[in-house]
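Notes to accompany the following structure.
The values are calculated or read from the model by the stated rules, or taken from the named source; none is laboratory data. Quick caveat: nothing in here was measured; it's all calculated off a predicted structure. We place every Cβ from the backbone using ideal geometry, glycine too, and count neighbours over all the protein chains shown.
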C-alpha cells in the first residue's frame, strides 16, 4: 500500500479576503520592526511594507509608539470582535497602533490626529482602511488599520514602487 501525504488546503479567509492560519509561517507571517521605533509586530510579509509605513507615519505624526505597554498588535489567530468572521489579524493583514490610547469603542483622537490619519490613508491609495471609520461608537477602532477588502499583493507591490518603499516599510532615497 502506498501512503499519500496529507495536503492541507487553506480555505478560510479573513474579512478582507486573505488566507488565515493558526500557523503563522503557513501564511508568510514574520516579525518586523516598525521603522523609527523599538516596536516589533508580526505581519504577513506581502502586506508588511504598507502597514509598517503606516506605523511609522502614525508614530511620527499621531502618537509615539514606544510609549505604553503592549501598544502595538499584528497577527492574532482569532475571530473578529464585531462579526462572525475571521479577523484581519488572523491573516496578518492588520495592525493596531497605541491600543492603550485608542481602545475599541472609544473615539479619543483629536481633530489634528484624525487629519493626519486622513493624510496617511490618502498616501495609501485606498489599499488600507481605518477602524475609526466604523459607523457606530461601539465598534469604533481608532487604533486599527487593515488591508482593504479585495486588495492583492500585486497592488501593494505597485504602491511600493510608486512611493519607493522597501520591504521593511522605509522610504528609499531619491536617485
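The table below gives the values:
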quantity: Filter result for residue 97 (loosely packed, with under 13 Cβ neighbours inside 10 Å and at pLDDT 95 or above); calculated: no
quantity: Of residues in the stretch 37-52 being crowded, with 16+ Cβ neighbours inside 10 Å and without any contact (Cβ under 8 Å) to a residue 60 or more places away in the chain, the one nearest to the chain's Cα centre (by Cα); calculated: 43
quantity: Filter pass, residue 72 being under 25 Å from residue 24 (Cα atoms), surrounded by 18 or more Cβ atoms within 10 Å (Cβ to Cβ), touching a helix residue (DSSP H, G or I) at 6+ places or on another chain (Cβ under 9 Å) and at pLDDT 95 or above; calculated: no
quantity: The lone exception for residue 31 - which of (1) part of a loop (DSSP other than H, G, I, E, B); (2) within 16 Å of the chain's Cα centre (by Cα); (3) modelled with pLDDT of 95 or more; (4) surrounded by fewer than 22 Cβ atoms within 10 Å (Cβ to Cβ) it fails; calculated: (1)
quantity: Whichever residue in the stretch 155-175 is in a loop (DSSP other than H, G, I, E, B) and under 15 Å from the mean Cα position of the chain (by Cα) and, among such residues, is farthest from residue 53 (Cα to Cα); calculated: 167
quantity: Filter pass, residue 4 being modelled with pLDDT under 95 and farther than 17 Å from residue 129 by Cβ; calculated: yes
quantity: Yes/no for residue 111 being farther than 22 Å from residue 37 by Cα and touching a residue at least 60 places away in the same chain (Cβ under 8 Å); calculated: no
quantity: Members of the stretch 92-119 that are closer than 11 Å to residue 62 by Cα and touching a strand residue (DSSP E or B) at 6+ places or on another chain (Cβ under 8 Å); calculated: 97, 98, 117
quantity: All positions within the stretch 131-154 that are out of contact with any strand residue (DSSP E or B) (no Cβ under 6 Å at 6 or more places or on another chain), outside any loop (DSSP other than H, G, I, E, B) and over 15 Å from residue 47 (Cβ atoms); calculated: 132, 133
quantity: Residue in the stretch 67-90 that is touching a strand residue (DSSP E or B) at 6+ places or on another chain (Cβ under 6 Å) and assigned to a helix (DSSP H, G or I) present; calculated: yes
